[in-house]
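Visitor: Before anything else, here's the structure in question.
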Amino acid sequence: MLKGLDPRLNAEVLYALRAMGHGDTLIIADTNFPSDSIARQTVIGDLLRMDNLTAGQAAEAVLSVLPLDTFVDDFAGRMEIVGNPDEVPPVQMEVQQAINAAEGTPRPMVSIERFAFYDLAKQAYAVIQTGERRFYGCFMFRKGVIPPDA
């Protein structure tokens, strides 16, 4: 256990988050996402796990240490519901709340079509699979920067 770090963050996840650079993307996926096969194509090349957490809990923990990119509109994205891209189910609302809390202001995620999300995930830095069983619990975060002290 370390002071100041969310205990839900394991060593492998912390390593990946620290190693990422500005603009690199992270995928937080539900249990139905083809996480292992897609993770093999990422920069890390191995699947990271946060098995006992919902997508919202994992997002909250990750965002406790990961700054989101403030220079782009696609700083965070959610997988669209097939046939109903404007619907935002509860799992996505929970992650949006985690983003708003981390950012200190509402900042809506972009919507990403399902197969476009798969393609984006293959180019990500890493994939974290959660224990989320609700459908469409898949998200992309783009790493931002930490400014210098004043």
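Visitor: Dipole magnitude of the stretch 75-126 about its Cα centre, charges +1 at Lys/Arg Cβ and -1 at Asp/Glu Cβ only, in debye to the nearest 20?
Guide: The dipole of the stretch 75-126 has a size of about 160 debye.
Visitor: For a quick check of your reading of the filter: which chymotrypsin sites (Phe, Trp or Tyr not before Pro) in the stretch 1-105 sit in a DSSP loop and have no more than 15 other Cβ atoms within 10 Å?
Guide: For chymotrypsin sites (Phe, Trp or Tyr not before Pro) across the stretch 1-105 that sit outside H, G, I, E and B with at most 15 neighbouring Cβ atoms in 10 Å, the list reads 71.
Visitor: Please work out which option in [x] 29, 17, 10; [y] 33, 15, 13; [z] 21, 18, 15 gives semi-axes √(5λ) of the Cα gyration tensor in Å calculated from these coordinates, and answer with its label.
Guide: The value matching this structure is [z].
Visitor: Okay, moving on. Work out how much length residue 72 to residue 114 would gain on full extension: take 0.36 nm times their residue separation and subtract the Cα-Cα distance, in nm to one decimal.
Guide: Fully extending the segment from residue 72 to residue 114 adds 13.0 nm.
Visitor: Using a 10 Å cut-off on Cβ atoms, rank the peptides 96-105, 28-37 from the highest mean neighbour count down.
Guide: Per-residue mean Cβ counts within 10 Å order the peptides as 28-37, 96-105.
Visitor: Still on this structure, I have one more. Placing unit charges on C-beta atoms (Lys and Arg positive, Asp and Glu negative, everything else neutral), compute the dipole magnitude of the chain about its Cα centre in debye, rounded to 20.
Guide: Rounded to the nearest 20 debye, it is 320 debye.
Visitor: Could I ask something else about it? For the stretch 39-100, with the dipole built from +1 on Lys and Arg beta-carbon atoms and -1 on Asp and Glu ones, taken about the Cα centre, which of 79, 91, 64 lies farthest toward the positive end?
Guide: Going by the Cα projections, it comes out as 64.
Visitor: Have a look at the DSSP beta bridges in the chain and tell me what percent are antiparallel, nearest 5.
Guide: Looking only at bridges with both residues in the chain, the antiparallel portion is about 45 percent.
Visitor: What's the exposure ranking of 146, 81, 27, going from fewest to most Cβ atoms within 10 Å?
Guide: 146, 81, 27
Visitor: Another one. Which FRET efficiency value, to the nearest 0.05, do you get for residue 31 and residue 149 by plugging their Cβ-Cβ distance into 1/(1 + (r/R0)^6) with R0 = 41 Å?
Guide: For R0 = 41 Å, the calculated efficiency reads 0.50.
Visitor: Based on other C-beta atoms within 10 Å, arrange 142, 8 from fewest to most.
Guide: On the way: 142 24, 8 15.
The order, fewest Cβ neighbours first, is 8, 142.
We did not get these values from a lab; they are worked out from the coordinates using the rules stated. Bear in mind the structure is a predicted one, so any value in this text is a computation, not a measurement. Here Cβ is always computed from backbone atoms with ideal geometry, including for glycine, and neighbour counts include all displayed protein chains.
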